[in-house]
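Let me begin by presenting the structure, written as C-alpha cells, before commenting on it.
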Amino acid sequence: MSKRGLSMEEKKTKMLEIFHDTAEFYSLKELEKIAPMVQSVKDVLDDLVGDSLVIMDKIGTGNYFWSLPSAAGATKHAILAKTTKELEGINSKIEETTAALEAAQRGREDTAERRKLLAQLDELNTTSLSLKAELAAFGAADPVRYEKKKEAIKVCKDAAVRWTDNTLIVLQYASGLGAEDAQMRGMLGIGEDWDDLKV
C-alpha cells in the first residue's frame with residue numbers, strides 16, 4: 001500500500017497548527033526542522049503569507065514568520081467582510097443589468113409589425129450596400145471626392161501665389177539694395193518664362 005503525500009491544503013493546515021499551538025516566531029530554518037513532514041516549507045509559507053494567514057517580517061538579516069489564533073480570526077473576518085461587500089456590489093450590478101435588459105426587451109416583442117419592419121430594414125440595408133458599391137465604381141467621379149480635390153487645388157494655388165509674391169518682394173528688395181535683377185534671378189534659378197501666378 002503506497003503512502004499518499006499531503007495536499008497543499010493539508011500542509012497549510014499543519015503549518016498553521018504549529019504557529020497557533022506555540023504562539024511563537026520562527027525563521028525559515030527553524031520551521032524546516034520543526035515541520036519535516038511538510039515538504040517544501042517555503043512554498044507553504046509563501047501561500048500562507050499570500051492568503052494573509054501568516055505574517056512575515058524582516059528583522060535584521062533574517063525573515064521571521066508568525067501567526068496568532070486571534071490574528072488569524074481577525075484576518076478571516078476582514079476577508080469575509082471584504083468578500084461580502086464585493087458580493088453585494090456584484091449582486092447590485094446583476095440586478096441593474098437585469099433591469100436594463102428587461103427595459104431593452106420591452107417593445108421588442110415578436111409581433112407581425114416588428115417582423116415586417118425588420119424585413120424592411122434588411123431590404124434597405126441591402127439597397128444601401130449595393131448603392132455604395134455602385135458609387136465606389138465611379139471612383140474619381142464621386143462628388144465628395146471631387147469637392148475635396150477642388151478644395152485641395154485651391155489651397156495649393158493660394159500657397160503658390162503667396163510664394164510667388166514673396167519671391168517678387170525679395171527680388172524688388174534686392175534690386176533696391178543695388179543687386180542686378182538678372183543676376184538675382186540666376187542665383188534663384190528663375191528663368192525668363194517665370195510668371196506671376198495672379199495674372
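The values are calculated or read from the model by the stated rules, or taken from the named source; none is laboratory data. Computed from a predicted structure; not experimentally measured. Positions of Cβ are generated from backbone atoms using ideal geometry, with glycine treated the same way; all protein chains shown enter the neighbour counts.
One table, with the values for the structure above:
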| item | result |
| --- | --- |
| Hits in the range 41-79 - residues which are in a loop (DSSP other than H, G, I, E, B), more than 14 Å from F25 (Cβ to Cβ) and not polar (S, T, N, Q) | D51, L53 |
| Residue count for the range 61-76, restricted to those that are modelled with pLDDT of 80 or more and either more than 14 Å from F19 (Cβ to Cβ) or among the aromatic types (F, W, Y) (or both) | 5 |
| Single condition A103 does not satisfy, out of (1) under 37 Å from the mean Cα position of the chain (by Cα); (2) outside any helix (DSSP H, G or I) | (2) |
| Cβ pairs under 6 Å, 6+ apart, first in the range 177-194 and in the same structural domain as T167 (by TED's automatic domain parsing), second polar (S, T, N, Q) | D181/S175 |
| Within the range 1-39, tally of residues that are modelled with pLDDT under 80 and in a loop (DSSP other than H, G, I, E, B) | 13 |
| Pair list, Cβ < 6 Å and 6+ apart or interchain, from the range 163-176 residues that are modelled with pLDDT of 85 or more and among the β-branched types (V, I, T) to residues that are surrounded by 11 or more Cβ atoms within 10 Å (Cβ to Cβ) and in a helix (DSSP H, G or I) | none |
| Given (1) surrounded by 12 or more Cβ atoms within 10 Å (Cβ to Cβ); (2) outside any helix (DSSP H, G or I), index of the condition G178 fails | (1) |
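Matching residues to (1) modelled with pLDDT of 85 or more; (2) assigned to a helix (DSSP H, G or I); (3) surrounded by 10 or more Cβ atoms within 10 Å (Cβ to Cβ); (4) assigned by TED's automatic domain parsing to the domain that holds D51:
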residue: A81; (1), (2), (3), (4): yes, yes, yes, no
residue: T97; (1), (2), (3), (4): yes, yes, yes, no
residue: R114; (1), (2), (3), (4): no, yes, yes, no
residue: T126; (1), (2), (3), (4): yes, yes, yes, no
residue: A137; (1), (2), (3), (4): no, yes, no, no
